[in-house]
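Beneath this line is the structure, given in structure tokens, with notes to follow.
We did not get these values from a lab; they are worked out from the coordinates using the rules stated. None of these values were measured; they are calculated from a predicted model. Here Cβ is always computed from backbone atoms with ideal geometry, including for glycine, and neighbour counts include all displayed protein chains.
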């Protein structure tokens, strides 16, 4: 029995009023963000990571597939954007660059995703890690195109060439203007993700997470659902990576490193799995914390991030967004049990 | 063509690398096999052993003493970690254990960077093994031969433990079905902690052994970890011999590619790992049916 994805997306389980309220709150938060952080670029960076995490949440939180290799799509999108703008386009035209990044990353996602999904659980995670590492070393090797360990610099400032008829020239995107564009992309991305999550498609994903065998017995082509979600999440990461490359004007191998994949998972858990909004909050908290700590402990703010992360994994695995009386009570009980055992 | 003497030296070097990876991977494999925990902190234990050794050396300038103390110290540390932190997550989705160990490794490595420093240091090799063995054109430093012997001895001792002792039988049984072992009245908690401690200690020994060869620095843990995973996957779960063979295989791949295609080492390794995961997921000598 085949399942038409379009048909699955046509229903929605959103409850009208609270949904509108949440969307409104999101808009307010996005507008306020650049004024809350010490400098605009940090806000843009938070939004960029939030974008990756929204896609990642669909795979990890909703479908239950832990991907330890999403740096491949984040870095892949960044490198695609950098190479395209510097070697091919010459300018930082945003829309064509994003299109190229999406295509490149989607291809990677299909290939790596297909390979990785041959297995489940920890072996799936290992495959995502191995494929991401493979990409890392291939990129490192192709020095002439990618700059190897030096990375690439000189990525042009992003601009919106489509607005030329209105403004006479391409609109350069920097600072607050760039933030506005990226934040709009995130907003659209979150809406799309929420729509998917709240549709029959999303419910099927959660079914796969809870008991894939049963989903198969019920007639769902789980392979297709998983692959589709995986590739979709890779596209989110690709767009985000492209934006980062354009904002920073440079890319480096660290964007493809597996430790970045780990950092993404950290932010995801801290924010809250399976909520779409949660991961965005996770990005906000982690990046802000790191910004604040790196002033004092230049080398080792990761130490404190790690400690906070361990705390959450042990006691509050549902993350910040799912913080309510139930999870707090559960957390307190776990803490008590731990103290009891140690004593 | 490559000079034969050089080739053999490289092969020996690959064997040395393989032995080091064996000490790291064997613990990782056992921990994964028994507890289903992919211990991301294993690289940090490797680093911890090395750093403790180098720090102790100023007080106790004896390589072997430092080796023994370091191994035992990290084993104890591993046992404590397992008992307090990791045990909390046995009743949860295995993914959380993976994430927890990842977090622990971050904390350990960053703590080392903060309180020990980031400048690489070399550990002095033992005086008794500072000579060279010359067989024709081939130069074999005594210390490297020592590492090879150490690796072989460890493998043999582990084999003996697993096959011939009661504890070993329990470990092998727990790899297959730990619930059943518990139902039959054995204390699986003790088994888990012991295996974890053993694995951590061995990893630390590996770190101390490599001290004189390459520099010791906090992030060395992260670098070996991924390769150790490759070894574990290729060798197969629940197989001591498999891990041993895979470690030597990977070591030799690294040595040989460094001659003809230096940058290709990692590409070759990960292609191998992906191939194994897809074609024979239980690894070269692992038992099928353990993998989904």
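Under 10 Å, Cα contacts only: if you run a Gaussian network model on chain A, which one of A:193, A:24, A:237 comes out with the highest mean-square fluctuation?
A:24
If contacts are Cα pairs under 8 angstrom and at least 6 residues apart, what is the relative contact order of chain A in percent?
With pairs under 8 Å counted, the relative contact order is 30 percent.
Have a look at segment A:217-261 and give its Rg and Dmax from the Cα atoms, expressed in angstrom.
Here Rg and the maximum Cα pair distance are 15.4, 50 Å.
Using the scaling law 2.2 N^0.38 Å as the reference, what is the normalised Cα Rg of segment A:10-160?
Compactness ratio reported: 1.23.
Please report the relative contact order for chain B, taking Cα pairs under 8 Å with a sequence separation of at least 6, and give it as a percent rounded to a whole number.
36
Of the candidates A:149, A:275, A:91, which one comes out as most mobile in a Gaussian network treatment of chain A with C-alpha springs shorter than 10 Å?
A:149
What list do you get for B:260, B:115, A:258 if you sort them by fewest beta carbons within 10 Å?
By the 10 Å Cβ count, ascending: B:260, B:115, A:258.
Project the alpha carbons of segment B:60-136 onto their principal axes and report the range along each, largest first, in whole Å.
57, 30, 27
Give me the one-decimal nm value for the distance between modelled label points at residue B:279 and residue B:132, 7 Å along each residue's Cα-to-Cβ direction.
Spacing of the two 7 Å Cα→Cβ label points: 4.1 nm.
Would you kindly give the portion of the calculated P(r) for chain A that falls above 39 Å, as a percent of all Cα pairs?
Percent of Cα pairs beyond 39 Å in chain A: 13.
Between residue A:143 and residue B:92, what's the calculated FRET efficiency when r is the beta-carbon distance and R0 is 45 Å? Round to 0.05.
Once rounded, the FRET efficiency stands at 0.55.
What is the mean number of Cβ atoms from other protein chains located within 10 Å of the Cβ atom of each residue in peptide B:106-114, rounded to a whole number?
6
Just the number, please: percent antiparallel of the DSSP beta bridges in the protein assembly as shown, rounded to the nearest 5.
So the antiparallel bridges in the protein assembly as shown amount to around 80 percent.
Label points 7 Å out from Cα along the Cβ direction at residue B:161 and residue B:183: separation in nm?
That separation, rounded to one decimal, is 2.8 nm.
As an exercise, use a Förster radius of 41 Å and the Cβ-Cβ distance of residue B:241 and residue B:59 to find the FRET efficiency, rounded to the nearest 0.05.
The pair residue B:241/residue B:59 has a calculated efficiency of 0.55.
For the protein assembly as shown, how big is the tail of P(r) above 41 Å, as a whole percent of Cα pairs?
Roughly 28 percent, rounded to a whole number.
To the nearest 0.05, what FRET efficiency results for residue A:330 and residue A:19 with a Förster distance of 25 Å applied to their C-beta separation?
Between residue A:330 and residue A:19 the formula returns 0.40.
To test your reading of the geometry: what angle, between 0 and 90 degrees and rounded to tens, separates the Cα axis of helix B:4-35 from the longest principal axis of chain B?
Approximately 10 degrees, to the nearest 10.
Between helix B:220-235 and chain B, what is the angle of the helix's C-alpha long axis to the longest principal axis, kept within 0 to 90° and rounded to the nearest 10?
That helix lies at roughly 70 degrees to the long axis.
Ranking A:261, A:294, B:13 by Cβ neighbours within 10 Å, fewest first, what do you get?
A:294, B:13, A:261
Note the angle between two axes, namely the Cα long axis of helix B:142-164 and the longest principal axis of the Cα atoms of chain B, as a number of degrees from 0 to 90, rounded to the nearest 10.
For B:142-164 against chain B, the angle is about 20 degrees.
Given a 10 angstrom Cα cut-off, can you work out which residue in A:264, A:191, A:303 is the most mobile in a GNM of chain A?
Ranking A:264, A:191, A:303 by mean-square fluctuation puts A:303 first.
Evaluate peptide B:271-278: per residue, the Cβ atoms of other protein chains within 10 Å of its Cβ; return the mean as an integer.
Mean inter-chain Cβ contacts per residue within 10 Å come to 5.
Could you line up B:22, B:167, B:244 from fewest to most neighbouring Cβ atoms inside 10 Å?
Least to most surrounded, the residues fall as B:167, B:244, B:22.
Quick one: compute the contact order of segment B:78-187, relative version, from alpha carbon pairs under 8 angstrom and 6+ residues apart, as a percent.
Averaging sequence separation for qualifying contacts and normalising by length gives 9 percent for segment B:78-187.
For segment A:224-297, what ratio Rg/Rh do Cα atoms give with a Kirkwood hydrodynamic radius?
1.01
Treat each spin label as a single point 7 Å out from the Cα along the C-beta direction, and report the residue B:176 to residue A:87 distance in nm.
Label at residue B:176, label at residue A:87, 5.5 nm between them.
Rounded, prolate or oblate, given the Cα gyration tensor of segment A:99-202, with a/c below 1.5 counting as rounded?
oblate
Could you work out the helix-only [θ] at 222 nm for the protein assembly as shown, with each DSSP H run of four or more residues adding -39,500 (n - 2.57) and the total divided by the number of residues, to the nearest 500 deg cm²/dmol?
-23500 deg cm²/dmol
For chain B, what's the radius of gyration and Dmax over Cα atoms, in angstrom?
Over chain B's Cα set, Rg and Dmax evaluate to 18.8, 62 Å.
Any chance you could run the full-extension gain for residue B:76 through residue B:121? It's 0.36 nm times the residue separation minus the Cα-Cα distance, nm to one decimal.
13.8 nm
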